[in-house]
Amino acid sequence: MSAPVSDAAPGQLSHRQILTVLSGLMLGMLLAALDQTIMASAMKTIADQLNGQTIQAWATTAYLITATISTPLYGKLSDIFGRKPMYLTAISFFLVGSVLSGIANSMYELAAFRAVQGLGAGGLMSLALAIIADMVPPRERSKYQGYFMAVWGLSSVAGPVVGGAFAGMDHFAGLEGWRWVFLLNVPIGIVALIVVARYLNVPHRRVPQRVDYWGAIALTIGLVPLLIVAEQGREWGWDSGRALAMYAIGVIGLAAFIYIERKMGDAALLPMRLFRRQTFALTNVVNFVMGVGMFGMMMSLPLYLQIVKGASPTESGLMTLPMTFGILVAALGSGQLIAKTGRYRIYPIIGLGATTVALFLFSQIGVDTPVWSVMLIMVLAGIGLGLCMQTLILAIQNDVPVKDMGVATSSATFFRSIGGTVGTAVFLSILFSVVGDRIADAFASVRTDPAFLAALQENPQFAQSLGGGAGIDLNNTAFLNTLDPTLARPILSGFANSLDTVFLVGSLVTLVAFALIWFLKETPLSDKSGIQRAADEHAATEKAEAPAPVAMH
């Protein structure tokens, strides 16, 4: 069986060919997206099974570090060696890491194997978007990128359900249930490998460049300490000796990275000349700021639903369906409109405005806010994100030369991931720094309430924990499910008020991104794919370098 024959113009793939390749890319992206959401609901069970609850964060941190650092590396290497070999490498790393994670016998082993998984995940998202840029003209691209948003939407719903289901099983097909959280990736990954290996046959002209190994090493030295402190800082203390050492090493590494990139010129992992392009520089700043606010919201909503509303991890995953619906409708709808009109600047402006308003509305929710009201705000937030994410990548891809398509696309994913890491660390710190005082204030306000005092008398053990100075252990909130509702209410109220503060800070962060995006200049979208543009640029170069014809006398 051979690849479908194209009736399209030379250098342009038919719709059928594009969809065939797209199916493999979507499976690859599903691996990365599903892995993150499955882990969120299964991690507690996995940590219990491996007797490593206190060090479970390292399994997430190891994955995050390798995925973040490898993202720009994949982009640059794909510009030099081609998309196909690098995408197959990414899937292979992810598959090997999944199999190893599925047979891990300790939390330290799992952290090491998750790092291998992360090496693959770094290429799955950014390379898929770069491959689509090679195959499809910018004006048509949003229609296809909308399918990727659908994959993210599917994973956000399916992940917590599947993760919760496997984590809840003692055994499945002869293995402990939690191991299938990782082994589930194997059949999906094998199909993706086969489809990509067979059908992704886009022409590539190798760029004769050195590989910027020193830049990669400096970036690693710069980011690893900062990512570690972002994940562990709340436990260590943000001004502890360990944290300060991490800051210092990180700053030195990033300074060395910028110095090396300037020296390497075009061969740099992240060429500095790209930052002289207003659209590239501005859009990546917006990507970073949006990542801070977006991940802060994504982290806070499940906490609200699970702690304040008492939902299970699986139920809270299903409750976020309205946000997924908003993302899908906005991404697919804006993709069709961009293809029809060729205009794109208005969508991230509306999107960031909608996300800012949604976060502000989230900052008003409390213990008694009906779930349907929260879900309506989720739709608005989803619409905001759906209008932004693919359009910002499209703006970057449309702005840079074809030879930089891989590194430019991966930069968008890279800056958003870094923003997400910062956002999660900052917002968790805000939450846990204010929640104790808010709960104390809530208890102080009901000290004389007869119903509260009566409930306290009926629960002497809880009364003793309140009055004995030990306080309430917020590391495990499962006790709230069985506690008398009258006694639980001040705790729920304190959590809700603290999350309101987090959402309010998030809205101020996205307001900054909203203000910045107005400076985006709209460049007309090209009607040529990356392959066609590369062929035109090559022909123009050859023509310029050809010797002038000798005049005959």
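Worth pointing out:
- Scanning segment 266-287 for residues that are in contact with a Lys or Arg (Cβ under 8 Å, 6 or more places away or on another chain), crowded, with 19+ Cβ neighbours inside 10 Å and either charged (D, E, K, R) or within 30 Å of SER363 (Cα to Cα) (or both) turns up just one, ASN287.
- Test: residue in segment 30-52 that is under 16 Å from the mean Cα position of the chain (by Cα), surrounded by fewer than 24 Cβ atoms within 10 Å (Cβ to Cβ), modelled with pLDDT of 85 or more and not aromatic (Phe, Trp, Tyr): yes
- Test: residue in segment 258-279 that is of a type in the set (S, T, N, Q) and either under 23 Å from ILE418 (Cβ atoms) or free of Cβ contacts under 8 Å to residues at least 40 places away in the same chain (or both): yes
- Residues within segment 361-406 that are outside any loop (DSSP other than H, G, I, E, B), touching a residue at least 60 places away in the same chain (Cβ under 8 Å) and not aromatic (Phe, Trp, Tyr), tallied: 24
- Of the helices (runs of 4 or more DSSP H) that lie entirely inside segment 222-335, those containing 3 or more residues that are over 24 Å from the mean Cα position of the chain (by Cα) and at pLDDT 90 or above span 241-264.
- Flag: SER417 matches the condition of being buried (at least 19 other Cβ atoms within 10 Å of the Cβ), polar (S, T, N, Q) and at pLDDT 80 or above.
- Note on segment 368-384: among residues that are surrounded by 18 or more Cβ atoms within 10 Å (Cβ to Cβ) and among the aliphatic types (A, V, I, L, M), the one that is nearest to ARG489 (Cα to Cα) is VAL374.
- Among the candidates MET107, MET169, MET125, residue that is under 30 Å from ILE18 (Cβ atoms), in contact with a helix residue (DSSP H, G or I) (Cβ under 7 Å, 6 or more places away or on another chain) and of a type outside the set (Phe, Trp, Tyr): MET125
- Some residue of segment 322-340 being within 18 Å of LEU516 (Cβ to Cβ), crowded, with 17+ Cβ neighbours inside 10 Å and outside the structural domain of GLY82 (by TED's automatic domain parsing): no
- Taken as a whole, the structure places THR409 among residues that are at pLDDT below 90, over 25 Å from ASN497 (Cα atoms) and in a helix (DSSP H, G or I).
- Where helices (runs of 4 or more DSSP H) sit wholly within segment 440-553, those with at least 2 residues that are outside the structural domain of VAL289 (by TED's automatic domain parsing), touching a helix residue (DSSP H, G or I) at 6+ places or on another chain (Cβ under 7 Å) and modelled with pLDDT of 75 or more occupy 450-458, 485-517.
- Filtered residues of segment 168-198 (kept if surrounded by fewer than 17 Cβ atoms within 10 Å (Cβ to Cβ) and farther than 20 Å from THR37 by Cα): ASP170, HIS171, PHE172, ALA173, GLY174, LEU175, ILE190, VAL191, ILE194, ALA197, ARG198
- Selection count where residues are surrounded by fewer than 21 Cβ atoms within 10 Å (Cβ to Cβ), in contact (Cβ under 8 Å) with a residue 12 or more places away in the chain and closer than 19 Å to PHE503 by Cβ, scope segment 309-318: 1
- Considering only residues in segment 188-220 that are under 30 Å from LEU254 (Cα atoms) and among the β-branched types (Val, Ile, Thr), the one that is modelled with the lowest pLDDT turns out to be VAL207.
- Cβ separations smaller than 8 Å between residues 6+ apart or across chains give the following pairs from segment 92-104 residues that are over 18 Å from GLY28 (Cα atoms) to residues that are in a loop (DSSP other than H, G, I, E, B): ALA104/LEU50.
- From the list ALA128, ALA165, the one residue that fits, being small (Gly, Ala, Ser), part of a helix (DSSP H, G or I) and surrounded by fewer than 24 Cβ atoms within 10 Å (Cβ to Cβ), is ALA165.
- Criterion (modelled with pLDDT of 90 or more, crowded, with 20+ Cβ neighbours inside 10 Å and under 26 Å from GLY75 (Cα atoms)) met by exactly one of LEU394, LEU387: LEU387
The values are calculated or read from the model by the stated rules, or taken from the named source; none is laboratory data. No experiment lies behind these values; they were computed from the predicted model shown. Here Cβ is always computed from backbone atoms with ideal geometry, including for glycine, and neighbour counts include all displayed protein chains.
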